[in-house]
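Report on the structure given below.
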Protein chains: 2
Amino acid sequence: MRKKIEKIVLIGAGNLATQLGLQLFKKGFCISQVYSRTEYPAKTLATKINAGYTVSLSEIDPEADLYICALKDDALPGIVDLLSHVKGIVVHTAGSVEMSIFEGKMLHYGVFYPLQTFSKNRNVDFTHIPVFIEANNPDTAQCLKEAAFCLSEKVYEANSAQRKMLHLSAVFACNFVNHLYTLSGEIAKEAGFDFKILLPLIDETAQKVHHLKPLEAQTGPAVRYDKTVMEKHLSLLSSRPEYQQIYRLLSDSIHKTI
Amino acid sequence: MRKKIEKIVLIGAGNLATQLGLQLFKKGFCISQVYSRTEYPAKTLATKINAGYTVSLSEIDPEADLYICALKDDALPGIVDLLSHVKGIVVHTAGSVEMSIFEGKMLHYGVFYPLQTFSKNRNVDFTHIPVFIEANNPDTAQCLKEAAFCLSEKVYEANSAQRKMLHLSAVFACNFVNHLYTLSGEIAKEAGFDFKILLPLIDETAQKVHHLKPLEAQTGPAVRYDKTVMEKHLSLLSSRPEYQQIYRLLSDSIHKTI
């Protein structure tokens, strides 16, 4: 029989656990407990969301409706066995970890994966963040979806294979993009300007793909394979062979895609 | 003797010429004429900004205070000789072209380089767009800066060497970033989801670097050199060797930078 999710335990107190905890609390869920291996992060988060906290897995509240394991990927397997006694739904939030890590260990389990980049000290609005749900049975899926819809307008089902691809696409759209910001900042610095000079360009580049497909929005020397400009650019990077390699590879890739 | 810029001729009717024309017109400058090799773009832009237009360089208004050559890099040298009779200031808008292309051809010249990505049909607010000015003498520089300050709060002087580096940094922050958007969209599609699912992540990735340095904002498997996740990702890309190459190169670069 399906039960509505009311009482939640957060396993983890990192970036995602913090943002998720704050948001669930704001939306009226009862967060009964925060677990972390160390006291400070557990206490810090617990204080903000009116929860208890513990650093001992044996003290975890066994009566919650939902246990959200928002931990580093490699910490997940170690947690699973220690939660096998709980009756509520157990989920993890990891893009690259299969739901099957819970198989045979508990009755109701799944995945709750918000596609976003989180920092502890930067509050995000969950309304537009896509949340991808997977569950081991339809009732559990329904429960998780209802909870997810309390946070976000965009809730989807996605199996483990889909979620892994989504996580990979996020590495390109976020982690790699951010790294290009770092490199562009280093180059601007060489011109005598601060990274901040690039912010209007960065914003517009992101805004543009709300209205055009990225392929249609593509501009720059590589689109027209302008060898003169590209050779000039490569020679400007002569003291940075690594940047040259990235320049060549991405320019070739743009040219092949267009 | 320095003269205030009032009357402007636009040489070019492409993305930048269009956005610059619209903005100058809005700010009260008189655009007397638009030149383009073909009639349709010249007429289209001229109509919007109450200007005349021509497709013949010999008919260009010789009485303007400023001639803005917003053309493709390789079209610039061909234009310079044909403008040598004008008395006003002649500028180009190209990141990678030296100011010296005007040398010995005219008295007052310079560069007016807005660091932004432009599309014809997407109006941008110039207020925060950094504009980089170079000129062959202090009076001309002052004139150009005054005009630039009418459009933007952020006006800087930058010589040709600095401007080339800025243009290169923009290739990383805009062109390459946009290409990663394309690739991430292809990967999301393989998971069965549309590119649009990535927009909140893309927005937050861009917003984050307003508050944190990109190096501090860096997240993802490459930061912690999480080999397990990275190997999984590479195997998901087995049918796309080019994406694998980009994944490897950028992950290694992130790891070396952190």
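Computed over chain B, the per-residue total of -39500 (n - 2.57) for DSSP H runs of n ≥ 4 gives a 222 nm mean residue ellipticity of -12500 deg cm²/dmol, rounded to 500.
Roughly what % of DSSP beta bridges within the protein assembly as shown run antiparallel, to the nearest 5? Of all bridge pairs located within the protein assembly as shown, approximately 20 percent are antiparallel. Peptides B:24-35, B:238-249, ordered by how many other C-beta atoms sit within 10 Å of their residues on average, highest first, read B:24-35, B:238-249.
Straight-line cross-link reach from A:LYS196 at under 18 Å between alpha-carbon atoms covers these aspartates and glutamates, not counting any fewer than eight positions away in the same chain: A:GLU186, A:GLU204, B:ASP125, B:GLU153, B:GLU157, B:ASP203, B:GLU204, B:GLU216. When DSSP beta bridges are restricted to pairs lying wholly in chain B, around 20% turn out antiparallel. Nearest to the axis that brings chain B onto chain A is this chain B residue, judged by its Cβ, with the distance in whole Å: B:ALA206, 2. Across the range A:112-168, C-alpha contacts under 8 Å between residues 6 or more apart give a mean separation that, scaled by the residue count, equals a relative contact order of 37 percent. Ordering A:GLY110, A:CYS174, A:GLN142 by the projection of their Cα atoms onto the charge dipole of the range A:105-221, which places +1 on the Cβ of Lys and Arg and -1 on the Cβ of Asp and Glu, puts A:GLY110 at the extreme positive end. Roughly how tilted is helix A:241-257, in degrees to the nearest 10 and between 0 and 90, from the longest Cα axis of chain A? So the helix axis and the longest Cα principal axis differ by about 90 degrees. With label points defined 7 Å past Cα in the direction of Cβ, position A:GLU157 shows copy-to-copy spacings of 6.6 nm, given to one decimal and shortest first. Packing around the peptides A:225-235, B:90-100, taken as the average count of other Cβ atoms within 10 Å per residue, puts them in this order, highest first: B:90-100, A:225-235.
Ascending distances from the A:GLU39 label point to its copies in the other chains, with the point 7 Å along the Cα-to-beta-carbon line: 8.4 nm. Shortest first, A:GLU63 label-point distances to identical copies amount to 9.0 nm, with the label point at 7 Å from Cα along Cα→Cβ. Considering only the range B:35-166, what is the antiparallel percent among its DSSP beta bridges, to the nearest 5? If I count the DSSP bridges inside the range B:35-166, around 35 percent turn out antiparallel. A 1.4 Å probe over all protein chains sorts B:ARG224, B:ARG163, A:ARG37 by accessible area into A:ARG37, B:ARG224, B:ARG163, starting with the largest. Between the helical axis of A:39-48 and the longest alpha-carbon principal axis of chain A there is an angle of about 80 degrees. The lysines within cross-link reach of B:LYS3, meaning a Cα-to-Cα straight distance under 16 Å and a gap of 8 or more places when in the same chain, are B:LYS87, B:LYS145.
Take each residue of peptide A:127-135, count the partner chain Cβ atoms within 10 Å of its Cβ, and average: the result is 2. Taken about its Cα centre, the protein assembly as shown carries a charge dipole of roughly 380 debye when the Cβ of each Lys and Arg holds +1 and the Cβ of each Asp and Glu holds -1.
Can you give the percent of C-alpha pairs in the range B:1-91 whose distance is more than 23 Å? Here the tail beyond 23 Å accounts for 13 percent of pairs. With θ taken as phi - 60° and the Karplus curve 6.51 cos²θ - 1.76 cosθ + 1.60 applied, the whole-hertz 3J(HN,Hα) list for the range B:176-187 is 6, 4, 4, 5, 5, 4, 4, 5, 5, x, 5, 5 Hz, x standing for glycine and proline.
Using a Förster distance of 35 Å, how high is the FRET efficiency between B:ASN159 and A:ASN121, based on the Cβ-Cβ distance and rounded to 0.05? It comes out at approximately 0.35. Simple rule: put +1 on each Lys or Arg Cβ and -1 on each Asp or Glu Cβ in the range A:112-258, find the dipole, and look at A:ILE129, A:TYR156, A:PHE195; the Cα lying farthest toward the positive end is A:PHE195. Peptide B:150-158 has a mean shielding of 1, counted as Cβ atoms of other protein chains within 10 Å of each residue's Cβ. Sites listed here are chymotrypsin sites (Phe, Trp or Tyr not before Pro) in the range B:122-206 whose DSSP assignment is loop and whose Cβ has at most 14 other Cβ atoms within 10 Å, and the list is empty.
Look at the stretch A:111-120: the mean tally of other chain Cβ atoms within 10 Å of its residues' Cβ atoms is 3. Pairs from the table (A:LYS26/B:LYS232; A:LYS120/A:LYS208; A:LYS227/B:LYS256; B:LYS43/B:LYS208; A:LYS227/B:LYS7) lying more than 32 angstrom apart at Cα are A:LYS26/B:LYS232; B:LYS43/B:LYS208; A:LYS227/B:LYS7.
The values are calculated or read from the model by the stated rules, or taken from the named source; none is laboratory data. Note that the coordinates shown come from a computational prediction; the quantities given were computed from them, not determined experimentally. All Cβ positions, glycine included, derive from the backbone under ideal geometry; neighbour counts span all protein chains shown. Remember, those area values only see protein heavy atoms, side chains included, never the ligands or the DNA or RNA. Shrake-Rupley method; radii C 1.70, N 1.55, O 1.52, S 1.80 Å.
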